[in-house]
Amino acid sequence: MVASTVVLTPKDFKSEVKPTWCPGCGDFGVLSATYQSLSSLKVAPDETVVISGIGCSSRFPHFMKTFGFHTVHGRALPLAQGLKMARPDLNVVALGGDGDFFSIGVGHLVHAALRNIDITAIVMDNEIYGLTKGQTSPTSPHGHITKSTPFGLLASQFNPIATALTLNVSFVARGFSSKPKEMAALIQQGVNHRGFALIHVLSPCPTFYNTFDAWKASVTSIPADHDPSNRAKALELAMETERPYMGLFYKEERPTMDQAAYELTQKAQEFKIDRYMERFA
Ligand code: SF4
C-alpha cells in the first residue's frame, strides 16, 4: 500500500463529477465509504487506480479524484491484475456490479483467486441489471419476475460469498450500503490485506428492484466469536441466505503472484549480471 505523507480527508478523493445514480441508489453509500476508508488509510490519491467494467456502479471511477479506467463489460479484474503486475507500487481497486463480476466477468474471478494478486475488488450487488433497465442478473432470486423473465427466473441464485470461499479468495467480506461505517472498515481491511480481497456489498437498486427494506430487516452482523481463519465455518455462514451475514468471513495470508513475479525478475536480472561479469573474469 502506498501511503501519503500529508493529512487527507474524504474530500481529497472526491472528483468534480457529480454522481448520476438515481436518488436512493445504494452505490452512493459505497462511494462515501470508499472516500472515507481511503482517506483514513492515508492512501496517496495519485498512487491509486480505480478500475471498473460496465454498469451503473461502474461509473464509480468518474467520481474519484484518483487515476481510473472505465473499461469494458466484465473486464475490471484482468485490467486491475495486469496493472498491479506491471506497477506493484500502485494501490489498485477494481469495482463493479453483480452482472459485471458474476456473469460476463465470472471467469476472471476464478483466476484472480488462484493468482492472489494484491488488489481489492468491491462488488455492488443489487440482484438486477440496473443500467439496461431491470433484467435478471446471476444474483437475482429463483422465480424473480422481470420484463425478461415474465414467468419467473428459471435459474438458481448465485452465492458470491460461498463461491469466493470455495475458490480460496484470500480475503472475503460482505458489507451493506446502508451501513457505511461498517463498510468503510471492511474496505480499509481489504486494501490493507496483501492479496486478492473481495468485498461483496449489498447495494439496492430502488428503481428496478428495491431490496432495501428486506435487507435492512434481515442483514445480520457476523457473530463476534467467528474465527476468520476458519474457512469451513465461513462457508457455513455464507450458506445463510435468509439472514445474510455482514462482516469479515475469511482471511488468509499467503504468497501473492505480484510479489513472486517481482522476486523472479530480480533473480533473472542477477543471473544476467553474473553471466555478463563472467565474461570479464
Ligand atoms: Fe442505482 Fe438502480 Fe438507478 Fe442504476 S438504475 S443508478 S442501480 S437505482
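The values are calculated or read from the model by the stated rules, or taken from the named source; none is laboratory data. Keep in mind it's a predicted model, so treat the numbers as computed, not measured. When we count neighbours, we look across all protein chains shown, and the Cβ atoms used for this are built from the backbone with ideal geometry, even at glycine. These accessible areas exclude ligands, DNA and RNA; they are computed on the full protein's heavy atoms, side chains included. Shrake-Rupley method; radii C 1.70, N 1.55, O 1.52, S 1.80 Å.
Key figures for this structure:
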| read-out | value |
| --- | --- |
| Histogram of C-alpha separations across the stretch 230-281, 10 Å bin width, % | 19, 23, 16, 15, 12, 10, 4, 0 |
| FRET efficiency estimate (nearest 0.05) - Cβ-Cβ, residue 133 to residue 275, R0 41 angstrom | 0.10 |
| Length gained when the stretch residue 229-residue 147 is fully extended (0.36 nm per residue, less Cα-Cα span) | 25.3 nm |
| Within the chain: Cβ-based charge dipole about Cα centre, in debye rounded to nearest 20 (Lys, Arg +1; Asp, Glu -1) | 420 |
| Compactness of the stretch 10-256 as Cα Rg over 2.2 N^0.38 Å, two decimals | 0.93 |
| Overall dimensions of the stretch 82-163 by Cα: Rg and Dmax, Å | 15.1, 51 |
| Backbone N under 18 Å from the residue 268 label point (7 Å along Cα→Cβ), restricted to the stretch 75-93 | 82-89 |
| Rounded to 10°, Cα long-axis angle of helix 106-115 versus longest principal axis of the chain | 40 |
| Normalised per residue, the volume of the convex hull around the Cα set of the stretch 1-131 (Å³) | 94 |
| Exceeding the 31 Å Cα-Cα cut-off - candidates 14/147; 65/179; 84/267 | 14/147 |
| Computed accessible area, residue 22, all protein chains, 1.4 angstrom probe, square angstrom | 60 |
| Inter-label distance, nm, simple model (7 Å from Cα along the C-beta direction), residue 72/residue 6 | 3.8 |
| Residue 178-residue 114 FRET efficiency (beta carbon distance; Förster radius 35 Å; 0.05 resolution) | 0.55 |
| Considering only the chain, percent of DSSP beta bridges that pair antiparallel, nearest 5 | 20 |
| FRET efficiency for residue 216 and residue 15, using Cβ-Cβ distance with R0 set to 30 Å, rounded to 0.05 | 0.50 |
